[in-house]
Amino acid sequence: MTRLPTLSATEVLSDRLLLRKAHGADREGLIELFTDPEVRAYLGGPRPRSDVEQYLDAVGTANATSKPGSYVIADSATDRLLGTLMLDRRSAERPGHVTEDGEELELSYVLRRSAWGAGLAFEAATVALRAAADELPDQPVLVVTQTANERSLKLAARLGFRHGSTFEEFGAEQTLATARLSSFKA
Ligand SMILES: CC(C)(COP(=O)(O)OP(=O)(O)OC[C@H]1O[C@@H](n2cnc3c(N)ncnc32)[C@H](O)[C@@H]1OP(=O)(O)O)[C@@H](O)C(=O)NCCC(=O)NCCS
C-alpha cells in the first residue's frame, strides 16, 4: 500500500525552535530521551543505554529522523536538541481510530526533562501542525497517549484536541484525542 503523505518539509522554524532532521551531534540528546526514566514513564520505561547506542550505531544518528514527518526539536539559537516530534500515520492494524480505513495523521512529542514547563512542546506542535495544514487537505489528526500521562493530555487539550475514546494497548489504558487539521491554519 502506498503510504499516505505527512508533512514533507525538512525544516520548520518557530520563535524559539527549529524542527530539523537529526545530525551526528544529536547522539547524546537522543540517548537521554530513550534512557531517562521520567521521560519514558508512559512510553514503556527507560531503555538500556547500551541498546540505544547499538541502535544509533546501526541506523546512524543522522538517520534517526529520516522518516517523513519525523523531526528533532532544536533550540533555534544554539541548535541543541530539546526533543523530538513526529507527525506520522497511525497504522490501521493498531487499535484507536476515527476513520474506517485508519492511517490517520498522528502527532507525538518527547522533550528532554530539562525542557519541560516552558511551552516548547506546544510551540513545536503548533508550528508543525500549521505547516501540515498548509500542505495537506483537511483531515483528522490524532494524539494517542496513556490516560495516566497528564502532561501529554494537558498539552493535547491546549492544542485544541478533543477527547475521542479510550482503549487498551501495551498493557495500559490509552486516550485518543482528535482535531481537524484545518483548525491549525494560520
Ligand atoms: C508531554 C510533554 C512533551 C509535555 O511537555 P510540557 O513542557 O509540559 O508541554 P508544553 O510545551 O505544553 O508546556 C506547558 C507548560 O509550560 C508552561 N509555560 C511556560 N512558558 C510557556 C509559554 N511561553 N507558552 C506556553 N506554556 C508555557 C505552562 O504553564 C505549562 O506548565 P505546567 O504544565 O507546569 O502548567 C513532556 O511532558 C514530555 O516530553 N513527556 C514525556 C514524553 C511523553 O510522554 N510524550 C507523550 C507521547 S505522545
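The values are calculated or read from the model by the stated rules, or taken from the named source; none is laboratory data. Keep in mind it's a predicted model, so treat the numbers as computed, not measured. Glycine gets a Cβ as well: all are built from the backbone with ideal geometry, and neighbour counts include every protein chain shown. Ligands, DNA and RNA are stripped out before the accessible areas are found, and what is left, the full protein with its side chains, is counted by its heavy atoms. Shrake-Rupley method; radii C 1.70, N 1.55, O 1.52, S 1.80 Å.
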Query raised in the report: Using a Gaussian network model of the chain with C-alpha springs under 10 Å, which one of Ala115, Ala124, Ala156 is most mobile by mean-square fluctuation?
Result: Ala115
Query raised in the report: For the chain, what is the accessible area per residue in Å² when the probe is 1.4 Å?
Result: 51 Å²
Requested in this report: For the chain, count the residues as N, evaluate 2.2 N^0.38 Å, and divide the Cα radius of gyration by that value, please.
Outcome: 0.99
Query - Of Phe161, Phe170, Phe122, the one that fluctuates the most in a GNM where the chain has Cα springs shorter than 10 Å - result: Phe170
Query raised in the report: Got a number for carbon plus sulfur as a percent of region 12-184's accessible area, 1.4 Å probe?
Result: 51 percent
Query raised in the report: Relative contact order, percent, of region 32-153 when contacts are C-alpha pairs under 8 Å separated by at least 6 residues?
Result: 20 percent
Query - Ratio of the Cα radius of gyration of region 3-95 to 2.2 N^0.38 Å, where N counts its residues - result: 1.13
Report summary line: By the mean-Cβ-within-10 Å protection proxy, highest first, 13-20, 106-113 rank as 106-113, 13-20
